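The structure appears right after this line, and notes come after that.
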Amino acid sequence: MPVDIVPIEENHIDGFHRTLDIVARERRYLAFLEAPPIETTRAFVRDNIKRGYPQLVAISAGEVIGWCDVTAKPRPIYGHGGVLGMGLLPQFRRRGIGNDLIRRSLIAAKAFGFHRVELTVRERNSNALELYKKVGFEIEGVQRDAVQIDGVYENLILMAVLF
Ligand SMILES: CC(C)(COP(=O)(O)OP(=O)(O)OC[C@H]1O[C@@H](n2cnc3c(N)ncnc32)[C@H](O)[C@@H]1OP(=O)(O)O)[C@@H](O)C(=O)NCCC(=O)NCCS
């Protein structure tokens, strides 16, 4: 089944929310343990569309199976920086889809006018760490024990790429 990567549209919001929720509930990767409420997610996506922030979704058989978004940091002195988040449903990983999604999102982020794109990744998420290094991100720092889930701490790695 082919996978298409397209800019997010209003009709993808429910599918994006479902996908985000599944990945969040894995508890191993994201900063969420479940997706934010659907109305919060709807507002987030609508704002991204309105402002032209890159948000791409991966579609298989008409369903959203992954996403990658780059949104601006809120304060003016940081506004040249975008923050990247991404994820794929488990059964669609390790097939190169993440690689396509992030490369296309970085092209869109550069075209949007961001000077840098940054992200945080949990230290044990080696798949994501390797992918980010491969597409040009460098480690800028480590927040020690910044993550705590079920009493277990994990370092958070800060990464960025400059255009
Ligand atoms: C991280 C994620 C988006 C990567 O997407 P993916 O489609 O699985 O990755 P790809 O198949 O495109 O692989 C791209 C590269 O990532 C690295 N990679 C991916 N899976 C890996 C694994 N199991 N072990 C080592 N490296 C891996 C490799 O460098 C790989 O390149 P290669 O195929 O040439 O070896 C995906 O695994 C995912 O959704 N994970 C859960 C959510 C998540 O971690 N989100 C990011 C939070 S910061």
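The values are calculated or read from the model by the stated rules, or taken from the named source; none is laboratory data. Note that the structure is predicted; figures quoted are calculated from it, not measured. Quick reminder, even Gly has a Cβ in these numbers, built from the backbone with ideal geometry, and neighbours come from all protein chains shown.
For ILE77, the requirement of being surrounded by fewer than 18 Cβ atoms within 10 Å (Cβ to Cβ) and of a type in the set (A, V, I, L, M) is met.
One line per residue, one yes/no per condition, for (1) modelled with pLDDT under 95; (2) of a type in the set (D, E, K, R); (3) more than 15 Å from the chain's Cα centre (by Cα):
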| site | (1), (2), (3) |
| --- | --- |
| VAL3 | no, no, yes |
| PRO7 | no, no, no |
| GLU10 | no, yes, yes |
| LEU20 | no, no, no |
| LEU30 | no, no, no |
| ALA35 | no, no, no |
| GLN55 | no, no, no |
| ALA61 | no, no, yes |
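Taken over region 91-150, the criterion of being closer than 20 Å to ALA58 by Cα, among the small types (Gly, Ala, Ser) and within 14 Å of the ligand (Cβ to nearest atom) is satisfied by GLY96, GLY98, SER105, ALA128.
The set of residues in region 109-119 that are touching a Gly at 6+ places or on another chain (Cβ under 9 Å) and either surrounded by fewer than 19 Cβ atoms within 10 Å (Cβ to Cβ) or over 22 Å from ARG27 (Cα atoms) (or both) comprises ALA109, PHE112, PHE114, HIS115, ARG116, VAL117. Just so you know, in region 10-35 the residues that are away from the ligand (no atom under 16 Å from the Cβ) and surrounded by 12 or more Cβ atoms within 10 Å (Cβ to Cβ) include one that is nearest to ASP100 (Cα to Cα), and it is HIS12.
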